[in-house]
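The values are calculated or read from the model by the stated rules, or taken from the named source; none is laboratory data. Owing to the predicted nature of the structure, the values given are computational and were not obtained by experimental measurement. We place every Cβ from the backbone using ideal geometry, glycine too, and count neighbours over all the protein chains shown. Surface accessibility is based on the protein's heavy atoms, side chains included, excluding ligands, DNA and RNA. Shrake-Rupley method; radii C 1.70, N 1.55, O 1.52, S 1.80 Å.
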Amino acid sequence: MAEFLPEPFRIKVVEPIKQTSREERAHILEVAGYNLFNVPAEEVYIDLLTDSGTGAMSQEQWAGIMLGDESYAGCRNYFHLAETIRSIFGFHYFLPTHQGRGAENILFSVLVKPGQHVPNNMHFDTTMGNILARGGRPSNHVIVTGHDPTAWHPFKGNMDIAALETFIRQVGAENIPLGMITITNNSGGGQPVSMENIRQTAEVYHRYGIPFFIDACRYAENAYFIKQREPGYADKSLLEIAREMFSYADGCTMSAKKDGLVNIGGFLAMNDETLYQKAAQELTLREGFPTYGGLAGRDLEAMARGLWEGLDEAYLRYRIAQTHYLADQLRENGIPIFEPPGGHAVYVDARRFVPHIPAEQFPAQSLCVALYLEGGIRAAEIGGVAFAHRDPETGEWVYPSLELVRLTLPRRVYTQSHLDYVVRILAALWQKRDQVRGLQIVYQTPYLRHFTARFALM
Ligand SMILES: *Cc1c(COP(=O)(O)O)cnc(C)c1O
C-alpha cells in the first residue's frame, strides 16, 4: 500500500477552484482546438501542467515580500540572496535573472560559438533551444536505461560516462565551450543523478579542459534522492549534499521557479571572474543591472527565503512521498507509468494506455484531452506533438520513442485528496480506454507547435 504522509503545513489562504460539467468541458475543448494550452486556467479543476512557478509561497516568503528594497542598485535583498547562494551553492559569483532561460541565454551568448557542441545527460527544451539559437549543437548522453520506461535504476538520470568521453574525443574538446548535467533529468522522467556520477562527469570534462555547468533547477530533490539511495549519504544533511554536488562544478544555471519555491526568478552562478564580467555586461543589456537582473527587490527576497525552504528535509520528504503516493495509487489501478517515478511528476505511459491510437494520431495528446474531459484535470503532453520532427533528408515525420502524459505536481498546492481524485478519474478512464479517440492536427506552427497547434477528434 502507498504510504500516506501528511502535509507538513496547514492552509492559511484559500484559492477557490471551479468544477465544471462534462458538457461544459466538451465545449471548452472544442473552442480550444483540443490544445490544453488554449484552455483558460479558471476552467481547470486540478492543474498538473507544470511545477514551474506554480508553487505556493510560505508565510516567511510573503513576509519577505514586504521587506523588498526597490532601490535600483545594491538593494538589501540582493545581499541576502548573495549570502544564500554562497552558502548553498558555493560559487564565487552570481547574477540574478528573471527565470532559468534568462540565465541560459546569458551563459550561452558569452560561451557558445556557431558549430560548437554542448553535451548534457539530457537537455531541457529551453537549454536545447538557447544553444540552437547561438548556432550550437546540443547533445544528450544519458545512460541507456534512462530511455526505458519500465527498467528500475536508482539514478536513471546518470550520464553515460564512457559515451561522453567517446563523444568528446570524436568532436574534439576545443569544439566544446562547456559541458552540462541536468539534476534531476526533467526531460527523462525527472530522474536523479548520483553524486558519484556528478563527480565522474566533472572529472571527464575537466580532464579535457571543459568548464562544467550544472542545470540545477531541481537540485534539492536530487540531493534528497542521493540521501535516500546512495551509500554513504544517509547521515549527511541536504545542505552538505548540495554543497558537495556543486563543489565539482564551475557554475550552474537555476530556475528558482522549481526548487527555489518562487513564482518567478532564477540565477546564473560561476567561479570564473572573467566569465562573470562578460556575463554581467550581457545581463545589463538583456535583463537588468547585476544587483536585480530583471526582478523586483521583493522577488529577490522571496527567492533567498525559498531556496532555504526548498532544502528543508521535512518538506522534501513530503514532496517526494506525495509524488510516489500518486505513482503507487496509479500502479495499483493497473495504470502503466514510467518507472520509477521521479521527484516532481508521475509520467503515464500513453503508448500502453491507448495502444489503439497510432503515433500520427498523438496518443499522449489524446489522453491529455480525455483526462480533461473526464475530470477537468490538465496534464502536459510529452510526446509526438512536442517532439516529433521532420527528417531533414527524407522529409518524413520522425516520432519520439516515448509518448508520456506528465502529471506534474506544483509545490505545496494540492492535498492528498486532490491526488485521490486524480487517481479516481484516471482509473475510470483506464476502464474505458478503448473509447479514447485519436487526434489530427488542423493547424500548426514550424517551431514549438505544442503551444499553438489546433486539433480535431478522429
Ligand atoms: C524549467 C527548466 C529550465 C528553464 O527554466 P525556466 O524558469 O522555465 O526558464 C531549464 N532546465 C530545466 C531542467 C528545467 O526544468
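Which of the residues that make up region 287-314 are touching a Cys at 6+ places or on another chain (Cβ under 7 Å) and open to solvent by 40 Å² or more (accessible area, probe 1.4 Å)?
Tyr292 - this is the single residue of region 287-314 that is touching a Cys at 6+ places or on another chain (Cβ under 7 Å) and open to solvent by 40 Å² or more (accessible area, probe 1.4 Å).
How about region 102-124: which of its residues are under 15 Å from the mean Cα position of the chain (by Cα), closer than 21 Å to Phe167 by Cα and not aliphatic (A, V, I, L, M)?
Asn120, Asn121, His123, Phe124
Cβ-Cβ distance below 9 Å, separation of 6 or more or different chains: which pairs start in region 408-434 with a residue that is crowded, with 16+ Cβ neighbours inside 10 Å and end on one that is assigned to a helix (DSSP H, G or I) and among the acidic types (Asp, Glu)?
Pairs that qualify, where the first residue is crowded, with 16+ Cβ neighbours inside 10 Å and the partner is assigned to a helix (DSSP H, G or I) and among the acidic types (Asp, Glu), are Val423/Glu332; Ile425/Glu374; Leu426/Glu374; Leu429/Glu374.
Take the conditions away from the ligand (no atom under 16 Å from the Cβ) and surrounded by 22 or more Cβ atoms within 10 Å (Cβ to Cβ) and apply them to Asn38. Does it pass?
The answer is no for Asn38.
Out of Lys227, Lys257, Lys236, report the one residue that is within 16 Å of the ligand (Cβ to nearest atom) and open to solvent by 10 Å² or more (accessible area, probe 1.4 Å).
Working: Lys227 fails: within 16 Å of the ligand (Cβ to nearest atom); Lys236 fails: within 16 Å of the ligand (Cβ to nearest atom).
Testing whether each residue is within 16 Å of the ligand (Cβ to nearest atom) and open to solvent by 10 Å² or more (accessible area, probe 1.4 Å) leaves just Lys257.
Table: residues versus (1) more than 21 Å from Phe267 (Cα to Cα); (2) in a helix (DSSP H, G or I); (3) touching a residue at least 60 places away in the same chain (Cβ under 8 Å).
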{"position": "Glu196", "(1), (2), (3)": "yes, yes, no"}
{"position": "Glu203", "(1), (2), (3)": "yes, yes, no"}
{"position": "Ile214", "(1), (2), (3)": "no, no, no"}
{"position": "Cys217", "(1), (2), (3)": "no, no, yes"}
{"position": "Ala220", "(1), (2), (3)": "no, yes, yes"}
{"position": "Ala223", "(1), (2), (3)": "no, yes, yes"}
{"position": "Ile226", "(1), (2), (3)": "yes, yes, no"}
{"position": "Ala234", "(1), (2), (3)": "yes, no, no"}
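Could you list all residues from region 425-458 that are under 25 Å from the mean Cα position of the chain (by Cα) and under 22 Å from Asp391 (Cα atoms)?
Gln444, Thr445, Pro446, Tyr447, Leu448, Arg449, His450, Phe451, Thr452, Ala453
Could we say that Ile183 is within 16 Å of the ligand (Cβ to nearest atom) and either closer than 21 Å to Cys252 by Cβ or in the same structural domain as Arg319 (by TED's automatic domain parsing) (or both) here? Give the derivation first.
On the way: within 16 Å of the ligand (Cβ to nearest atom): yes; either closer than 21 Å to Cys252 by Cβ or in the same structural domain as Arg319 (by TED's automatic domain parsing) (or both): yes.
Yes.
With the structure loaded, tell me whether Leu330 is open to solvent by less than 30 Å² (accessible area, probe 1.4 Å), in contact with a helix residue (DSSP H, G or I) (Cβ under 7 Å, 6 or more places away or on another chain) and not assigned by TED's automatic domain parsing to the domain that holds Ser417 or whether it fails that test.
It is false that Leu330 is open to solvent by less than 30 Å² (accessible area, probe 1.4 Å), in contact with a helix residue (DSSP H, G or I) (Cβ under 7 Å, 6 or more places away or on another chain) and not assigned by TED's automatic domain parsing to the domain that holds Ser417.
Could you please give the count of residues in region 270-327 that are over 18 Å from Gln99 (Cβ atoms) and part of a loop (DSSP other than H, G, I, E, B)?
The total comes to 4.
Given the options Leu67, Leu29, name the one that is touching a residue at least 60 places away in the same chain (Cβ under 8 Å) and under 30 Å from Met458 (Cα atoms).
Among Leu67, Leu29, only Leu29 is touching a residue at least 60 places away in the same chain (Cβ under 8 Å) and under 30 Å from Met458 (Cα atoms).
Can you tell which of Val193, Val204 is open to solvent by less than 10 Å² (accessible area, probe 1.4 Å), under 26 Å from Gly383 (Cα atoms) and more than 10 Å from the ligand (Cβ to nearest atom)?
Numbers: Val204 fails: under 26 Å from Gly383 (Cα atoms).
Of the residues listed, the single one that is open to solvent by less than 10 Å² (accessible area, probe 1.4 Å), under 26 Å from Gly383 (Cα atoms) and more than 10 Å from the ligand (Cβ to nearest atom) is Val193.
Tell me the residue from Val44, Val31 that is away from the ligand (no atom under 16 Å from the Cβ) and surrounded by 13 or more Cβ atoms within 10 Å (Cβ to Cβ), please.
Just a single option satisfies the conditions, and that option is Val44.
Please go through region 163-180 and pick out each residue that is crowded, with 19+ Cβ neighbours inside 10 Å, among the hydrophobic types (A, V, I, L, M, F, W, C) and away from the ligand (no atom under 12 Å from the Cβ).
The answer is Leu164, Ile168, Ile176, Leu178.
If you check Gly100, Gly115, Gly146, which single one turns out to be in contact (Cβ under 8 Å) with a residue 40 or more places away in the chain and touching a Cys at 6+ places or on another chain (Cβ under 8 Å)? I'd like the intermediate steps shown before the answer.
Values: Gly115 fails: touching a Cys at 6+ places or on another chain (Cβ under 8 Å); Gly146 fails: touching a Cys at 6+ places or on another chain (Cβ under 8 Å).
Among Gly100, Gly115, Gly146, only Gly100 is in contact (Cβ under 8 Å) with a residue 40 or more places away in the chain and touching a Cys at 6+ places or on another chain (Cβ under 8 Å).
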